[in-house]
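All of the numbers you see were taken from the coordinates with simple rules; none came from a lab. These numbers come from a predicted model, not from an experiment. For neighbour counting, all protein chains shown are included, and Cβ atoms are generated from backbone atoms with ideal geometry for every residue, glycine included.
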Amino acid sequence: MRTLELVPERKFAPDSSKKTATRVVVAVYGADTRIGCKLIALLRQNNLGVLPRPVSWAIGKSSAEIRADVVDKQPGVILNCLIDPDSGDLPIDETAAYVAVTQSLVSQAKQLGCRYIHCSSARIYGLGDKPEHGNSYAEYDSVLVKGDDPWRQLIAATERTVMLHTLLANPVASRTANDRFGFYVARFGHVLGFGETRSQRFPAVHTLSACLQEASQNNCTLICNDPDRRISPVSVGTAAGCIADLCEPRCQAPYGFYNVGSTDTVSLREICTQLALRHGVYTSLVPFSGRRDAKAVYGVDADQAVNPAWWLSRGMRKLPTWRAAVAELMVDRDLCSV
């Protein structure tokens, strides 16, 4: 009887391994960004395979090295998370490196028939785009993107690269693409994550997440030229969930560009006011300051009040209001020391 009981188990093992081998495998480039960190665990939780390094980071790699990675691993989805939507200033000489990696990744996806997913930012887009004023830019006008914020140039240049490879109006793009190739570009509003106080790669940069975390704990001074500009932040968990939806084999969303942000908008001043009412702290918002403890909030001066109606109309995932993005900071703290 004991030997007969072991027979079904031996038959079950090969079938189980076969299912595992045929599941969708995702190559995540930029696994140490906010979205990337959350996404790795979420994909594995959803029974999607995730490739280990060296695909985690690709800045500085040649096109041949990236092609070797992709050809060797044969992923079903290539995920470009290298651009962190809630990041700070970037050395201007690295902009070309990000564009080169994007060029290589989308090119390989086209040739091999992978699904390409590009994480972008709404940092230069929004409801108030008026390129004729010189301080805001219309979509895709990467030639006009100049100024002190190199992320704006980077975001526009990488999106333009994706468009050149994917537009159906481009006969070369449609003729050279594999029939199984598909693409998504997700433009996020500010992605807030409070598990870290500083950027991992740029420790001197004060992101919106870090500044809000400090504003919930102490009286502080934040430097922002336009604290009343509208933004539509989402939590890093929500952002990762949206990308995970696009990785699913049976994702019904048509290929294209999507804006992903909270269903309503808010300003930095309003968020700081809510934090003050909750925790009894005060945040001073100034356009400039000579105080050493003042922190410049990067990225808020750009209009990130994205309209997620196109995403919501597809019914993929219900996006929350901006309060959900900062809910972690609104929790009452235990002030009693043990």
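Some observations on this one:
- Charge sum, other residues only, whose C-beta stays under 11 Å from LEU246's C-beta, Lys/Arg counted +1 and Asp/Glu -1: +1
- Karplus-derived 3J(HN,Hα) values for segment 310-323, using 6.51 cos²θ - 1.76 cosθ + 1.60 with θ = phi - 60°, are 5, 5, 5, 5, 7, x, 6, 7, 6, 7, x, 7, 5, 4 Hz; glycine and proline are entered as x.
- Fraction of beta bridges assigned by DSSP in segment 202-338 that are antiparallel (%, nearest 5): 10 percent
- Total formal charge among the other residues, if their Cβ is under 12 angstrom from that of GLU270, Lys/Arg +1 and Asp/Glu -1: +2
- Count Lys and Arg as plus one, Asp and Glu as minus one, and take only other residues whose Cβ is under 15 Å from that of ALA177; the net charge is then +3.
- Given their separation in residues at 0.36 nm each and the Cα-Cα distance between them, ASP293 and ARG269 gain 6.8 nm when the chain is fully extended.
- Exposure proxy ranking, count of Cβ atoms within 10 Å, fewest first, for ARG180, ARG317, ARG175: ARG175, ARG180, ARG317
- Förster radius 22 Å - calculated FRET efficiency between ARG175 and VAL71 (Cβ-Cβ, nearest 0.05): 0.55
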